[in-house]
């Protein structure tokens, strides 16, 4: 069951290393009922990451619910990120996953697998995340994986 409610007026927003002087590019487009996160990661000017985010609203679910994504990647490693606020100074909670090139994969994540970071640094004393607090969901590519990338996203669900 898909318990994420997304406002029709909300759209995906790119947040790349340009905020620090980098020149990486990304976008999220829709092709044949799939979301496509794609672009180019550049290490020039101390860059090295690209991401997209979207507002979400979570209905009542238990703490034991699992977030599931079905994706086809390019063999690179990505992060699924959740954020409890739209404010800039609030940590994001991320979990990494490695894709196999041109293979559909389903990944399931429990809430305790998401680790808090702020501007690329771990936040050891971050408050515990609850599903109902999630206000933003996104995908990120980093870890010095320069070059073109492409991640097809078939579904994102939160299941009890």
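The values are calculated or read from the model by the stated rules, or taken from the named source; none is laboratory data. The shown structure was predicted, so the numbers you read here are calculated from the model rather than taken from an experiment. Positions of Cβ are generated from backbone atoms using ideal geometry, with glycine treated the same way; all protein chains shown enter the neighbour counts.
Worth pointing out:
- Enumeration of residues in the stretch 90-118 that are under 14 Å from residue 136 (Cα atoms) and outside any strand (DSSP E or B): 90, 91, 114
- Selection within the stretch 60-82: residues that are closer than 20 Å to residue 126 by Cα and modelled with pLDDT of 95 or more. The member of this set that is surrounded by the fewest Cβ atoms within 10 Å (Cβ to Cβ) is 81.
- Going through (1) under 15 Å from the mean Cα position of the chain (by Cα); (2) part of a strand (DSSP E or B) one by one, residue 148 falls short only on (1).
- Meets criteria (surrounded by 14 or more Cβ atoms within 10 Å (Cβ to Cβ), over 14 Å from the mean Cα position of the chain (by Cα) and touching a residue at least 60 places away in the same chain (Cβ under 8 Å)) for residue 42: yes
- In the stretch 128-155, the residues that are at positive phi reach residues that are part of a strand (DSSP E or B) with C-beta atoms within less than 8 angstrom, at least six apart or across chains, in these pairs: 143/77; 147/40; 147/41.
- Residue in the stretch 130-139 that is over 12 Å from the mean Cα position of the chain (by Cα) and buried (at least 18 other Cβ atoms within 10 Å of the Cβ) present: yes
- Pairs with Cβ under 7 Å, 6+ apart, first in the stretch 51-66 and farther than 20 Å from residue 155 by Cβ, second modelled with pLDDT under 80: 62/160
- Within the stretch 19-30, the residues that satisfy the criterion of being touching a residue at least 24 places away in the same chain (Cβ under 8 Å), out of contact with any strand residue (DSSP E or B) (no Cβ under 7 Å at 6 or more places or on another chain) and surrounded by fewer than 18 Cβ atoms within 10 Å (Cβ to Cβ) are 20, 21, 23.
- Total residues in the stretch 84-122, condition under 23 Å from residue 71 (Cα atoms), exposed (fewer than 15 other Cβ atoms within 10 Å of the Cβ) and touching a residue at least 40 places away in the same chain (Cβ under 8 Å): 3
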